[in-house]
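Since the structure comes first, as structure tokens, the remarks are kept for the end.
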Amino acid sequence: MNSIAPRNVISFGSTRFTSLSPSFLRLNPFSGKELFGRFKSVHSASAQPIKRVMELNRNLYPQIEPYISGFLKVSDIHTIYWEQSGKPDGHPVVFLHGGPGAGTSPGNRQFFDPNFYRIILFDQRGAGKSTPHACLEENTTWDLVEDIEKLRKNLEIPEWQVFGGSWGSTLALAYSQSHPDKVTGLILRGIFMLRKKELDWFYQGGASAIYPDAWEMFRDFIPEEERDDFIVAYHKRLTSSDSSVQVAAAKIWTKWEMMTAQLIQNKDNITRGEDDKFSLAFARIENHYFFNKGFLPTDSHLLDNVDKIRHIKAVIVQGRYDVCCPMMSAWDLHKAWPEAELKIIQDAGHSANEVGTAAELVATNEKFKYLLLNGSA
């Protein structure tokens, strides 16, 4: 892991900015007064003369509404919902939600400076506002990768920054490895590469040792004779011809993940598992992907293809106590891709909404912003 730079110095691996360039002054969206209000004087570690350095915002931006939204038909079966918010002529960033099957939410927009970024959110096949709801047909990783490309072309975006967490990090890796020339930067959170050891950790044992109370509910829904493979057992029920069986299995599958997603359990998050519509899409689509091993050709496919994206500026943000996507995956990715900066949040679990993780995600977007303004991205 890269050493931690002083908080108020813009750094990206070995790149450090401690002064203002003419291009920054010309392109910065703030007025002069606002701009210099975001700087302060500090001494460098080597006793160099005092320099003005950037103080990065680490607070979520205020809630905003989309300035445009719509639907894009991506296949004979599927139509996906998309929206844009922020600055219409700003630098485009696409947000890839988790699950798969979770859909987007208004709070996802708050990680990005709306005065700089053109923020694109979309619901993946079968999720959120996309139709048909919870549909598994023609729903694979590679279908989603091509949907992202179709959306980019439809919105007439030459290239964009890609931001994804949990399953969104899986999809971000798959997309960027397929279309590396379309990606200006990657921000990945809660790394998940759909390897057998990751799925076994969460669905066969490992996470159950930390949350035995939540695990009992998940385990006991399945008869003992089927517990050698919970993903297969739940798949049988989530694809049952009986809709009541689907819903019952979906709620339990979803609550297991919601109960383990944060270092300190969040009751509001857990209650999402009680919503029939949300849990049905979340559980059916997520289980469908896990049952099919992510539709990846090999267990280590995403690690094996890191060379295709090694040149892309990237930051990995990982909660130390992430139970859903344990840190071993972020570490394995960083070891294969040391050029990607790894930020470990010492007091966080899996969720992007935990205080330390959210702050680091905002700050990382700020770093990318200033690198773009300086022509260094």
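The values are calculated or read from the model by the stated rules, or taken from the named source; none is laboratory data. The model shown is predicted, which means the values in this text are computed figures rather than measured ones. Here the Cβ is made from the backbone with ideal geometry for all residues, glycine too, and neighbour counts use every protein chain on show. The area values use the complete protein model at the heavy-atom level, side chains included, leaving out ligands, DNA and RNA. Shrake-Rupley method; radii C 1.70, N 1.55, O 1.52, S 1.80 Å.
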Checklist outcome for this item: From DSSP H assignment alone, runs of 4+ in the chain each adding -39500 (n - 2.57), the sum over residues rounded to the nearest 500 puts [θ] at 222 nm at -10500 deg cm²/dmol
Checklist outcome for this item: Expressed as a whole-number percentage, the relative contact order of the stretch 53-208 with C-alpha contacts under 8 angstrom and at least six residues apart is 21
Item to check | Neighbour cut-off at most 10 other Cβ (10 Å), DSSP loop, GluC sites (Glu not before Pro), the stretch 114-202 | outcome: Glu156
Checklist entry - How big is the stretch 133-180 in terms of Cα radius of gyration and Dmax, in angstroms? => result 11.3, 31
Item to check | Accessible area in square angstrom per residue, the chain, 1.4 angstrom probe | outcome: 42
Checklist entry - Where the accessible area of the stretch 187-299 is counted over protein heavy atoms with a 1.4 Å probe, how much of it, in %, is carbon and sulfur? => result 53
Checklist entry - So how compact is the stretch 250-365: Cα radius of gyration and Dmax in angstrom? => result 15.9, 43
Item to check | Accessible area in the full protein assembly, largest first, 1.4 Å probe, for Phe221, Phe111 | outcome: Phe221, Phe111
Checklist entry - For the stretch 179-332, how many pairs of lysine residues have a Cα-Cα distance under 26 Å, where the two are 8 or more positions apart or belong to different chains? => result 25
Next on the checklist: Against the empirical 2.2 N^0.38 Å scaling, what ratio does the C-alpha Rg of the chain come to?
Outcome noted: 1.00
Checklist entry - What part of the accessible area of the stretch 327-377, given as a whole %, is carbon or sulfur when the probe is 1.4 angstrom? => result 54
Next on the checklist: Given contacts defined as C-alpha pairs under 8 Å and at least six residues apart, what's the relative contact order of the chain, whole-number percent?
Outcome noted: 18
Checklist entry - Going by a ≥ b ≥ c, the root eigenvalues of the Cα gyration tensor, does the stretch 107-197 fall in the rounded group (a/c under 1.5), the prolate group (a/b larger than b/c) or the oblate group? => result rounded
